[in-house]
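Trainee: Structure below; questions to follow.
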Amino acid sequence: MSSISLGDMAQSVYLRRQNTELKTEMSRLTSELSSGQVQDVIKHLGGDLNYLTDVERSLHLNSVFAASATEAVGFSGAMQASLEKVQHSISDLGGNILSLGANSGEYAASHLSEKGRNVIEGLVATLNTSVAGRALFSGSATDSAALASADDILADLRSALAGQTTLAGVEAVMDGWFGASGGFEAVGYTGGLSDMSAFHLGDGERIDLKIKGDDEVFRATLKSAAMAALSYDPALALSNGTRVEMLGRAGELSLGAVDSLTTARATLGYAEARIEEASVRLTAQNTSLEIARSELISADPYDTIVKLEETQFRLESLYTATVKLSQLSLVGFLR
């Protein structure tokens, strides 16, 4: 009956433990060589993780601000494109009206009136634009449209204008409808009362895109287009003279609307420039923080290769010793 001495068992356990430790070390060094980062960060930094924690916290905040800046770029860009579209449409309508000759005839005038209706439909569609499921011009109510349909707006205006026969009367009613507490606020604007939430671009830095569908610039634009659209509306039964006056007044109002839109676009352009500056700054900060983090936890490739070769040699030596020890026997020892 064969037996194994206590010394042999202890030696076997020792060799297995050494084998496991060396394989673990090989795996760690191989991982560090491929990733370029140390696995045991605490040991590498001598137990002081304060600076690394601060860097990683800054990286997290930077990523949050960068995401907000990216969102702000998308929103402000879409707003600028919408304002440009609105300005172009009302400018085109006003230019056509003001270039209408005195002898152009009723057909040409009624055609421009119909164009005014088309402009309102386009304005409503543009101001009801949304980005990533959020309405652009609805203020805080980003889940709802900014304006009611063109049909609803014109229907309420038509009802309010019933019985008016002069330009002065028509304009007074329209001023009231588009003014404070008027029909526009009750029927036309369907967005929120407060502004959209600000976009945070850094510690203490934020950008507000305070443009809503009930802003004065849009009221003035819609008013000029509505004046044109309703000038030849058969339901109002206006005299030909009043129709001509309304259409001409619509052309004049469009000039003021275009100027207001230019100012609004310039203000938005300033906000876009600030957002772009913040985006560039955040990108640079992220790069610096990534470099700082890498320097803290990076593994020296040369040192890692040397240790890897040394560990591999030790493991091979252990295998050689294990093989030789396994070949020992009492008979061989006594020879």
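Here, each number is a calculation from the coordinates, and none is a lab measurement. Note that this is a predicted model, so its numbers are computed, not measured. FYI the Cβ positions are ideal-geometry reconstructions off the backbone, even for glycines, and counts take in every protein chain you see.
Trainee: Consider all pairwise Cα distances in the range 49-143 and report the whole-number % of them above 17 Å. Before the final figure, lay out the partial values.
Mentor: Working: 2962 of 4465 pairs.
Value for the range 49-143 (Cα pairs over 17 Å): 66 percent.
Trainee: Per-residue counts of other Cβ atoms within 10 Å, averaged by peptide: what ranking do you get for 257-270, 71-84, highest first?
Mentor: 71-84, 257-270
Trainee: Count the net charge of all other residues whose Cβ sits under 13 Å from the Cβ of F184, scoring Lys and Arg as +1 and Asp and Glu as -1. Don't skip to the end; give the middle numbers.
Mentor: Working: positive: K212, R219, K223; negative: D152, D156, D175, E185, D214, D215, E216.
That sum, taken over residues with Cβ under 13 Å, equals -4.
Trainee: Follow-up. Size of the dipole of the range 209-268 about the Cα centre, Lys and Arg at +1 and Asp and Glu at -1 on the beta carbon, nothing else charged, in debye to 20? If you can, show how the numbers build up before the last one.
Mentor: Working: 7 positive and 7 negative charges, 27 e Å.
For the range 209-268, the charge dipole is close to 120 debye.
Trainee: Test of understanding: ordering S197, S231 by Cβ neighbours within 10 Å, fewest first, what list do you get? List each step's numbers first, then the result.
Mentor: Numbers: S197 12, S231 26.
Result, fewest neighbours first: S197, S231.
Trainee: For the range 52-290, report the translational diffusion coefficient in µm²/s to the nearest whole number, using Stokes-Einstein at 20 °C, 1.002 mPa s, and a Kirkwood Rh over Cα pairs.
Mentor: Estimated diffusion coefficient is 110 µm²/s.
Trainee: Right, another one. If you take every residue apart from S113 with its C-beta less than 12 Å away from the C-beta of S113, what net charge results, scoring Lys and Arg +1 and Asp and Glu -1? Please report the intermediate quantities before stating the final value.
Mentor: Details: positive: K115, R117, R243; negative: E106, E114, D233.
Every neighbour counted, the sum reads 0.
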